[in-house]
Amino acid sequence: MNTWSVSGVTDGIIGAIRKAAEATGSGFSYLLHTGAAESGLNPTAKAPTSSAAGLFQFTKDTWLETLKQEGPSLGLGGLAAQITKSGDGQYTVADPAQRQAILKLRNDPTVSALMAGALAQKNGATLTAALGRVPSDGELYIAHFLGAQGATQLLSLAQKNPGASAVAAFPAAAAANPSVFYANGQARSVGEVRATLIAREGAAKMPATSTALAFSGADDGSAGNDTTQVDEQGPVFHSIFRSGRRAPIAAYVDAVWSGLGPASAFAGGAASALTTTAPAAAVPKAAAGAVVHHRAGAPLNLLGFIRPAGSGAQ
């Protein structure tokens, strides 16, 4: 199923994250922001410097380990059974074709979100024991990024010696994520890397929460308790309708209101633009599959778009 399209975003992305939150007990808000921070909510994203892939950018090793450990409790016991743990602690799949098929599931929003939710629960328990308190979402994101052990090490170092070299402490992670561990060619300290990762998770909150609340009908507080910040130069919907302060209307909104179908809406690289210039949005179910016409230059009828005629919504 192609979920990276105008009509599929609600059920394929936001819906998958919401269901994963319910199934695993992890917060919808945290999973949404982590997906936004990791991939821009693009289920087929691929890291150029590591094996990380999918909505939550799981590396191959972390994916196999998480699926083996958490899959059975989430209805994925058949897949988990095909993964074995070797004597040296590595997780492997005997059949190369099956291994590739299991790794490809990282691009499936439903499975990826389930594994992210399960991993968040596991990481949360580890950090709670190490910190003596419940970790913040930003600290939980560090665990998703570095692993629970790496997060514990980083947080401890940042408290004891924040000026220590993060590159020296995490050489493999630094090589795979230079934008996090370096700034203007200079290696960051552990304190700076901690702040950078927490800021990354925080930066994903405003656009991700705004689009989820605006288009998925989440009015029950399930998107978390975060306070959405309003852009000082525009309304709260600013990030949905524009890809930047002075950039044109976001690609997915332009496509829907121009009456384009999913296939033509993202032809010619528009899908990739979503991952770099605009937050992924969930289109209202009432509009999914329908053609919404908008005459160029005419005022946009936002209420008419969200509440089509004859819907009976008040």
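The values are calculated or read from the model by the stated rules, or taken from the named source; none is laboratory data. Note that the structure is a prediction, hence the values are computed from the model and not measured. Backbone-built Cβ (ideal geometry, glycine too); neighbour counts: all protein chains shown. Heads up: the accessible areas ignore ligands, DNA and RNA and are worked out on the full protein's heavy atoms, side chains in. Shrake-Rupley method; radii C 1.70, N 1.55, O 1.52, S 1.80 Å.
Quick notes on this one:
- Elements of type helices (runs of 4 or more DSSP H) in the range 90-205, at least 2 residues being more than 22 Å from the chain's Cα centre (by Cα) and either crowded, with 22+ Cβ neighbours inside 10 Å or without any contact (Cβ under 8 Å) to a residue 40 or more places away in the chain (or both): 96-104, 109-131, 137-160, 166-169, 171-176, 190-203
- Residue within the range 57-71 that is part of a helix (DSSP H, G or I), open to solvent by less than 40 Å² (accessible area, probe 1.4 Å) and either in contact with a His (Cβ under 7 Å, 6 or more places away or on another chain) or over 13 Å from Ala116 (Cα atoms) (or both) present: no
- Test: residue in the range 96-114 that is acidic (Asp, Glu) and closer than 23 Å to Lys46 by Cα: yes
- Residue count for the range 89-111 satisfying the condition of being closer than 27 Å to Ile14 by Cα and aliphatic (A, V, I, L, M): 5.
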